[in-house]
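The values are calculated or read from the model by the stated rules, or taken from the named source; none is laboratory data. Bear in mind the structure is a predicted one, so any value in this text is a computation, not a measurement. Note: ideal-geometry Cβ built from the backbone for every residue, glycine included; neighbour counts use all protein chains shown.
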Protein chains: 2
Amino acid sequence: MNLKRYLPVLQWAPQYDRSQATSDLVAALIVTVMLIPQSLAYALLAGLPPQIGLYASILPLVIYAIFGTSRTLSVGPVAVASLMTAAALAPLAEAGTTEYVAGAVVLAVMSGIMLTVMGVLRLGFLANFLSHPVISGFITASGIVIAASQLKHIFGIQASGQNLLTIGQSLIQSMGEANIPTLFIGTGALLFLTFARKQLKPLLIHSGVGARSADIITKTAPILAVLVTTLVAWQLRLDTQGVRLVGVVPSGLPELTMPSLDWELWQQLAVSALLISVVGFVESVSVGQTLAAKRRQRIDPDQELIGLGAANLGSGFSGGMPVTGGFSRSVVNFDAGAETPAAGAYTAVGIALATLCLTPAIAYLPQATLAATIIVAVATLIDLPALGRTWRYSRTDFGAMLATIVLTLVHSVEAGIVAGVALSIGLFLYRTSRPHSAVVGRVPGTEHFRNVLRHDVELCPKVIFLRVDESLYFANARFLEETVMDLAIDGPELKHLVLVCPAVNLVDASALESLEAINVRLKDAGVRLHLSEVKGPVMDRLKSTEFLSHLGGELFLSTYEAWQTLTDRKAPLEEPV
Amino acid sequence: MNLKRYLPVLQWAPQYDRSQATSDLVAALIVTVMLIPQSLAYALLAGLPPQIGLYASILPLVIYAIFGTSRTLSVGPVAVASLMTAAALAPLAEAGTTEYVAGAVVLAVMSGIMLTVMGVLRLGFLANFLSHPVISGFITASGIVIAASQLKHIFGIQASGQNLLTIGQSLIQSMGEANIPTLFIGTGALLFLTFARKQLKPLLIHSGVGARSADIITKTAPILAVLVTTLVAWQLRLDTQGVRLVGVVPSGLPELTMPSLDWELWQQLAVSALLISVVGFVESVSVGQTLAAKRRQRIDPDQELIGLGAANLGSGFSGGMPVTGGFSRSVVNFDAGAETPAAGAYTAVGIALATLCLTPAIAYLPQATLAATIIVAVATLIDLPALGRTWRYSRTDFGAMLATIVLTLVHSVEAGIVAGVALSIGLFLYRTSRPHSAVVGRVPGTEHFRNVLRHDVELCPKVIFLRVDESLYFANARFLEETVMDLAIDGPELKHLVLVCPAVNLVDASALESLEAINVRLKDAGVRLHLSEVKGPVMDRLKSTEFLSHLGGELFLSTYEAWQTLTDRKAPLEEPV
């Protein structure tokens, strides 16, 4: 049982049959064709040599097939993680240098360790605190920054920067050096890919191609762009005209790479590795769950952490870069019919073959083509209308989203995500520090008690019934103290205060201290504290303490019983209240 | 109204009468006598010259009387904040040097700014996250560290260290150099003060002194110890025998001090200032609330932030050190009959007079006497049985408490408090990420629905009723997604899933996205999502979105209505279920 939890491959491999294998092979072929240009492009985006992208698309896929729980998630380099990799490494070294490449390996290994540890400790819940508006704002802003950062390749100029301001400034300064042949290739590829994405599919469907096949054909457009522009560049010897090409890529499979053990480097990259890990995890799980649901399958988020962690370790030790589950590739994999994670392993074989045989051909691939594929891919990530939707729905959520977007655009990806998370948690802590509670009164002639602010209920000035609608713990314990004492001070005739606790599932040690303090302070003020409708498990724990023996008042099973006892005792119901 | 909120002095000063003035003056006299040795001792503990303690006991008290909301809180130097000051400044400079003293001023000013800003922004709720077990463990551990750090003065040796390990090691190394006359004075003072605290009060009461007077007389024991040992040291010229005395203290009132504007220094001290502020605030509010309740008075925590912030600003600009409300002094002030914050202002006058006239006499005061008063005072802070109580009540609370104590003892006060808070918040986030929810079934023959795990209820395999007992927001949205999808996967016959939402007070943007995702995924799995008992305000917000138009199922006012509609539709109740 436990082995199957940690090795999900054991759940499907024993029943693996020929029909599944055929489906997986077809899907793997299509994903391979899609992944070759993507892996090259995302390495370029991360500031790494192109073969690193290929390396990161071999071993990690095989490892994820063993440890991952999603049947159809396609793991490998993705746009946002590549941008975050570039942002993390930029302060450390010049892009493309040996130290820079070594930094990417450390990022992948550290990210792998963090994800695996989080998985083993079952800390997947931490990802919850990346709230939806924050992650959505972050991805939109990242998409904009990525697109902006690729414009230099389209224009064939040198430019740098990690945010919209610095990139923009750098682009404007170098615009005079734009290379016309590069610009032709770049805009040509951009137009073709945009056409493929927007119009090719309807056209194909119109010509009688099935919707699913049309979709898959459309997704292979990037490889076509790569082939055509490479041929053109080779035929016209465009490198002699200033067009930047990918250049000679070392052929052969990745070798075992030992990450640098420079402790200072690890410390410098730790926060970045954590952010890359968590953002990648959240995105992977979201894609994985959406796809799994379509077939009533299940993914286990804590095991996903282990799967992605192991994949990143594999990526690092084979000289790669941080990897995670990609949205568009996974959807293609699913639509192309992948049935088991074996499809991912077959894709790895495809990429390995490409690394062995196709690298000489890649030398003439223009960087502008890769930049165009990146821009068209990330355009789908940008969701500006979400800002309006969130504004209309919730101002606090909008605030967190806007802070994330603005900081990502004008400062850095890391500042953006950290600000968003901090703001979300801050707002959350603020909200939870004020528990829902209400003074209740008796609905005349019944045994029911309702909020005095919303219903016409019977009251007694000597007794207040305060219903607490949440568990009591340190976050709201002080608020309870204040609420109760305010009631006591505002009601000079008050003799009894009944805490009505049907919704209290937990009283932690801080709240217990607060109850003790409330009890003592009320006693000092001449008011007795009573409890009613305390749940069984809560009562069991209270009984293990001295609180109940200190309690000035009584315990009532029902609020009505408290009403009868306390109001009858000194003020019969018939008296004017 | 608003002016009265920010200047609580306006609430009591206009009605201030002669009888209140008499009470306040008596209380101020007693507190002054108690505060003189305390302010000297806490300056010693913080590694500062003795007059700094006096300076911090003048202007801050006057300012707090204007801005504070507690009638009886006694503000000034306290043990824990002094220890934290020493810990913050130790890495920066040698104790007692000009830079060290300047650092204390920056700490006070920064702490003042932080508290005031938190007060104006009404961020008092942030103090909630210092849970009771953490603060209690922190104070116990700080008390132990403080007592250990003062042993060097009792033995008359040089020793250093910021935690129990380094202090202990340092003490053992220097033990050979112990000074016998110092040891006599130190142990003598310790024995006398312990006797005064433990046995004097019962003795006095036994001799017919009233309980309150006996208590107040007992509290003046430190000043007696100071007087006697100073006289002895002066008569016997003990300084010639190696007894360390307080030495010449500059006479005169504090002067206006401008804090250093060294940005790097501010950055280095920022975390320490924040911790000192928050710990001090939590302690002050707790003492203030306890005392206020005894007279059915009210304190306003957000205004307390402003009061303490202004007091710290006053302390900094008059060359002092961080101040906050002291527990024992406030209790004495209250018991001695203080009725308004004017008592604090009178105390300030008393300390100012002492600073002007008594400083020459202080020169012969042995440091061992001050160390003895500190040790006896902090002994009351140490509450080790609380560990056992917390262990019995809650293992998670115990974990946070133990981590705080251990890290404070073996590493540093700052590591201790940060670890405690991080662990508390982590455990809290974990808890909130799993909302209370239950699959419910119909109590046969009624319109009521109860948890299937606890009650014998009617079920229908085509319909699941999931009751959610908490608001839905980003922290638990993902858990809801998983819970719902698990139910859908585990029930192959399932056609309808009803979310029963009577306890949902809020659906934030993340939870809305999750509901959208759940709706789509359930549709993909052939299950329709319905909602029942949605509260009015929640429904109003949902209506502003497109969620309701996407919803696969229906909205039901009551769960019974959903039961009738969904179970009748395809499976009459008479059928076997």
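Taking into account only those residues within the range B:1-39 that are more than 29 Å from residue B:51 (Cβ to Cβ) and of a type in the set (Gly, Ala, Ser), which is surrounded by the most Cβ atoms within 10 Å (Cβ to Cβ)? Taking the candidates together, the pick is B:23. Before we move on, is residue A:3 out of contact with any Phe, Trp or Tyr (no Cβ under 6 Å at 6 or more places or on another chain) and either assigned to a helix (DSSP H, G or I) or under 20 Å from residue A:333 (Cβ atoms) (or both)? For residue A:3, the condition - out of contact with any Phe, Trp or Tyr (no Cβ under 6 Å at 6 or more places or on another chain) and either assigned to a helix (DSSP H, G or I) or under 20 Å from residue A:333 (Cβ atoms) (or both) - is met. Criterion applied to A:272, A:260, A:251 was being more than 14 Å from every other protein chain (Cβ to nearest Cβ), polar (S, T, N, Q) and buried (at least 17 other Cβ atoms within 10 Å of the Cβ), and the one residue passing it is A:272. Remark: residue A:522 matches the filter, which requires a residue to be touching a Leu at 6+ places or on another chain (Cβ under 6 Å), buried (at least 16 other Cβ atoms within 10 Å of the Cβ) and at the interface with chain B (Cβ under 10 Å from one of its Cβ atoms).
The condition (being of a type in the set (S, T, N, Q) and either touching a Pro at 6+ places or on another chain (Cβ under 7 Å) or at pLDDT 90 or above (or both)) is satisfied by just one residue among A:505, A:476: A:476.
Just the residues that are of a type in the set (A, V, I, L, M, F, W, C) and within 17 Å of residue B:51 (Cα to Cα), please, taken from the range B:84-105. Result: B:86, B:95, B:101, B:102, B:104, B:105. The residues of the range B:214-245 that are closer than 20 Å to residue B:51 by Cα, touching a Ser or Thr at 6+ places or on another chain (Cβ under 8 Å) and either part of a helix (DSSP H, G or I) or modelled with pLDDT under 85 (or both), listed by number, are B:222, B:225, B:226, B:229, B:230. Among the residues of the range A:70-125, the ones that are outside any helix (DSSP H, G or I), surrounded by fewer than 24 Cβ atoms within 10 Å (Cβ to Cβ), aliphatic (A, V, I, L, M) and within 21 Å of the chain's Cα centre (by Cα) come to 2 in all. Within the range A:179-191, none of the residues are within 20 Å of residue A:35 (Cα to Cα) and without any contact (Cβ under 8 Å) to a residue 60 or more places away in the chain. Assigned to a helix (DSSP H, G or I), more than 29 Å from residue A:334 (Cβ to Cβ), more than 14 Å from chain B (Cβ to nearest Cβ) and not basic (Lys, Arg): is that true of residue A:349 in this structure? No. Please enumerate the residues belonging to the range A:283-306 that are buried (at least 21 other Cβ atoms within 10 Å of the Cβ), touching a helix residue (DSSP H, G or I) at 6+ places or on another chain (Cβ under 6 Å) and at pLDDT below 90. Selection gives A:285, A:287, A:291, A:293, A:299, A:301. Could you tell me whether the range A:387-395 includes any residue that is surrounded by fewer than 16 Cβ atoms within 10 Å (Cβ to Cβ), modelled with pLDDT under 90, farther than 30 Å from residue A:466 by Cβ and more than 10 Å from every other protein chain (Cβ to nearest Cβ)? No - not one qualifying residue is present in the range A:387-395.
Applying the criterion of being in contact (Cβ under 8 Å) with a residue 60 or more places away in the chain and in contact with an Asp or Glu (Cβ under 7 Å, 6 or more places away or on another chain) to the residues of the range B:440-465, the residue that is surrounded by the most Cβ atoms within 10 Å (Cβ to Cβ) is B:442.
The one condition from (1) buried (at least 19 other Cβ atoms within 10 Å of the Cβ); (2) of a type outside the set (D, E, K, R); (3) farther than 23 Å from residue A:328 by Cβ that residue A:413 does not meet is (3). In this structure, residue A:528 does not satisfy being farther than 23 Å from residue B:392 by Cβ and at the interface with chain B (Cβ under 7 Å from one of its Cβ atoms). Inspect all residues belonging to the range A:145-165 and state whether any of them is under 26 Å from residue A:281 (Cα atoms), without any contact (Cβ under 8 Å) to a residue 40 or more places away in the chain and not acidic (Asp, Glu). So far as the range A:145-165 goes, yes, one or more of its residues are under 26 Å from residue A:281 (Cα atoms), without any contact (Cβ under 8 Å) to a residue 40 or more places away in the chain and not acidic (Asp, Glu).
Each row is one residue, and each column tells you yes or no for (1) farther than 21 Å from residue A:84 by Cβ; (2) without any contact (Cβ under 8 Å) to a residue 12 or more places away in the chain; (3) of a type outside the set (Gly, Ala, Ser).
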residue	(1), (2), (3)
A:5	yes, no, yes
A:17	yes, yes, yes
A:20	yes, no, yes
A:39	no, no, no
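The single condition from (1) facing chain B (nearest Cβ under 10 Å); (2) in a helix (DSSP H, G or I) that residue A:567 fails is (1). The residues of the range A:260-305 that are assigned to a loop (DSSP other than H, G, I, E, B) and either of a type in the set (Ser, Thr, Tyr) or more than 24 Å from residue A:6 (Cβ to Cβ) (or both), listed by number, are A:260, A:261, A:262. Residue B:514 falls short of the stated requirement of being crowded, with 21+ Cβ neighbours inside 10 Å, within 13 Å of chain A (Cβ to nearest Cβ) and modelled with pLDDT under 85. Restricted to the range A:34-63, and to residues there that are over 17 Å from residue A:349 (Cβ atoms) and assigned to a loop (DSSP other than H, G, I, E, B), the residue that is nearest to the chain's Cα centre (by Cα) is A:46.
Yes/no matrix, rows are residues, columns are (1) away from chain B (no Cβ under 12 Å); (2) within 39 Å of the chain's Cα centre (by Cα):
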{"site": "A:455", "(1), (2)": "yes, no"}
{"site": "A:462", "(1), (2)": "yes, no"}
{"site": "A:466", "(1), (2)": "yes, no"}
{"site": "A:475", "(1), (2)": "no, yes"}
{"site": "A:490", "(1), (2)": "no, no"}
{"site": "A:498", "(1), (2)": "yes, no"}
{"site": "A:502", "(1), (2)": "no, yes"}
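Is there a residue being among the hydroxyl-bearing types (Ser, Thr, Tyr), outside any loop (DSSP other than H, G, I, E, B), out of contact with any His (no Cβ under 7 Å at 6 or more places or on another chain) and more than 13 Å from every other protein chain (Cβ to nearest Cβ) anywhere in the range A:545-558? Checked the range A:545-558: at least one residue is among the hydroxyl-bearing types (Ser, Thr, Tyr), outside any loop (DSSP other than H, G, I, E, B), out of contact with any His (no Cβ under 7 Å at 6 or more places or on another chain) and more than 13 Å from every other protein chain (Cβ to nearest Cβ). Can you tell me which residue in the range B:307-328 is nearest to the other protein chains (Cβ to nearest Cβ), limited to those that are assigned to a helix (DSSP H, G or I) and surrounded by fewer than 24 Cβ atoms within 10 Å (Cβ to Cβ)? For the range B:307-328, the residue satisfying everything is B:327.
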